Amino acid sequence: MNYIVGMLTIVTLISDRGSNFEAIVKTAQNEQWPVRFAGVIANHLTAKGLDFARSQGIPTYVIEHLGHPTRESFDAALIEQIDALGADLVVLAGFMRILTPGFIRHFAGRLINIHPALLPAFPGLHTHKRALEAGVTEHGATVHFVTEGVDEGPIICQGTVPVHKDDDVEALAARVLAIEHQIYPRAVKWFLDGRLRIEGNQVKLQPPESQLFKL
């Protein structure tokens with residue numbers, strides 16, 4: 001799957017702060033990416049990330065999911081807005097909604113998410129608590145293309161962090177968030193540069209380089 005290199009457009013979906021969105025925008029500014037952040041869409045008026053977007057001159061939109069009778073009607077409204085913004089890439093940054101198959105199919109190959117675990121381990125919620133209960137010595141985060149299976153899409157890259165003996169959920173979550181802020185901008189830049197190839201359920205990076213990062 002090839003992508004056109006050039007000035008591409010990103011639309012981001014958030015539910016609250018969207019700190020990974022902040023990390024992507026700040027990295028893009030520091031590295032002078034040729035990219036346009038066309039808009040940030042939240043499903044809550046109170047999403048804190050809207051303030052950051054406005055401070056950067058990025059258009060903001062709110063589509064309240066509670067104002068829609070079904071998931072399908074909410075996702076249809078999202079699709080309409082995202083398409084109107086001309087998104088080449090849709091970035092999920094703490095968007096706490098389960099997306100419908102129709103939405104996922106509409107944006108296939110250009111919809112990415114970050115999950116706070118080393119997939120395929122610990123899909124779903126409460127990943128840090130489950131990692132501690134499992135006694136793992138390494139935890140982390142995964143950037144992946146979104147498919148209809150929950151947290152099952154082709155993996156773009158991963159970042160690992162050590163799990164310390166005295167860790168609680170908050171300490172581990174903070175360490176994982178730090179690696180998230182490193183790997184999500186890298187994955188987005190690879191997409192923008194046309195370097196990602198989806199082959200089956202794998203993502204190949206061209207030219208090759210490590211798709212695993214360590215904190």
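The values are calculated or read from the model by the stated rules, or taken from the named source; none is laboratory data. Here the structure is a predicted model, which means the values were calculated and not measured. We place every Cβ from the backbone using ideal geometry, glycine too, and count neighbours over all the protein chains shown.
Summary table
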{"read-out": "All positions within region 23-33 that are surrounded by fewer than 20 Cβ atoms within 10 Å (Cβ to Cβ) and out of contact with any Lys or Arg (no Cβ under 9 Å at 6 or more places or on another chain)", "value": "Lys26, Gln29, Asn30, Gln32"}
{"read-out": "Positions within region 46-75 being closer than 15 Å to Arg97 by Cα and part of a strand (DSSP E or B), in sequence order", "value": "Val62"}
{"read-out": "Hits in region 183-210 (condition: crowded, with 17+ Cβ neighbours inside 10 Å, under 16 Å from the mean Cα position of the chain (by Cα) and not β-branched (Val, Ile, Thr))", "value": "Tyr184, Pro185, Arg186, Ala187, Trp190, Phe191, Leu192, Leu196"}
{"read-out": "Every pair of residues 6+ apart whose Cβ atoms lie under 6 Å, when the first sits in region 198-215 and is within 23 Å of Glu148 (Cα to Cα) while the second is in a loop (DSSP other than H, G, I, E, B)", "value": "Ile198/Met1; Ile198/Pro154; Asn201/Pro154; Gln202/Pro154; Val203/Pro154; Leu205/Arg195; Leu205/Gln211"}
{"read-out": "Filtered residues of region 182-215 (kept if hydrophobic (A, V, I, L, M, F, W, C), part of a strand (DSSP E or B) and over 15 Å from Arg110 (Cα atoms))", "value": "Leu205, Leu212, Phe213"}
{"read-out": "Residue in region 61-69 that is over 26 Å from Thr27 (Cα atoms) and surrounded by 19 or more Cβ atoms within 10 Å (Cβ to Cβ) present", "value": "no"}
{"read-out": "Qualifying residues in region 19-45 (those that are aromatic (Phe, Trp, Tyr) and not in a helix (DSSP H, G or I)) - the one nearest to Arg71 (Cα to Cα)", "value": "Phe37"}
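Table: residues versus (1) more than 26 Å from Leu205 (Cβ to Cβ); (2) at pLDDT 95 or above; (3) under 18 Å from the mean Cα position of the chain (by Cα).
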position: Gly6; (1), (2), (3): no, no, no
position: Gln32; (1), (2), (3): no, yes, no
position: Ile41; (1), (2), (3): yes, yes, yes
position: Thr46; (1), (2), (3): yes, yes, no
position: Gly49; (1), (2), (3): yes, yes, yes
position: Val90; (1), (2), (3): no, yes, yes
